[in-house]
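Working notes, beginning with the structure itself.
Values quoted throughout were computed directly from the atomic coordinates according to the rules given, and no laboratory measurement underlies them. Predicted, not measured: the structure shown is a model, and the values here were computed from it. Positions of Cβ are generated from backbone atoms using ideal geometry, with glycine treated the same way; all protein chains shown enter the neighbour counts.
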Amino acid sequence: MGEGLFQPLHILLIVGIALLLFGPSKFADLGKGLGEGIRNFKAAVKEDDKKDPEKKS
């Protein structure tokens, strides 16, 4: 079999267990919160780049 932790079957199993533990509504809220966090992080990085354009390496 394949090596590594993040094989497709393993990921599906982890998602299935999380869905059973938290339920569909909590799982959806968790995904929504994660998406908002990523968007906020990207916006902060873009804002920082606009403030200091000469600081880029």
(request) With +1 on each Lys and Arg Cβ and -1 on each Asp and Glu Cβ, and nothing else charged, work out how big the dipole of the chain is about its Cα centre, in Debye to the nearest 20. (result) 160 debye
(request) Any chance you could count the Lys pairs in the chain whose alpha carbons are under 16 Å apart, treating pairs 8 or more apart or on different chains as valid? (result) 5
(request) Find which of ALA28, ALA44, GLY4 sits farthest along the positive direction of the dipole of the chain, computed with +1 on the beta-carbon of Lys and Arg, -1 on that of Asp and Glu, about the Cα centre. (result) ALA44
(request) Could you tell me how many degrees, from 0 to 90 and to the nearest 10, lie between the Cα long axis of helix 8-51 and the main elongation axis, the longest principal axis, of the Cα atoms of the chain? (result) 0 degrees
(request) Rounded to the nearest 500, what is the 222 nm mean residue ellipticity of the chain from helices alone, with -39500 (n - 2.57) per DSSP H run of 4+ residues and division by all residues? (result) -28500 deg cm²/dmol
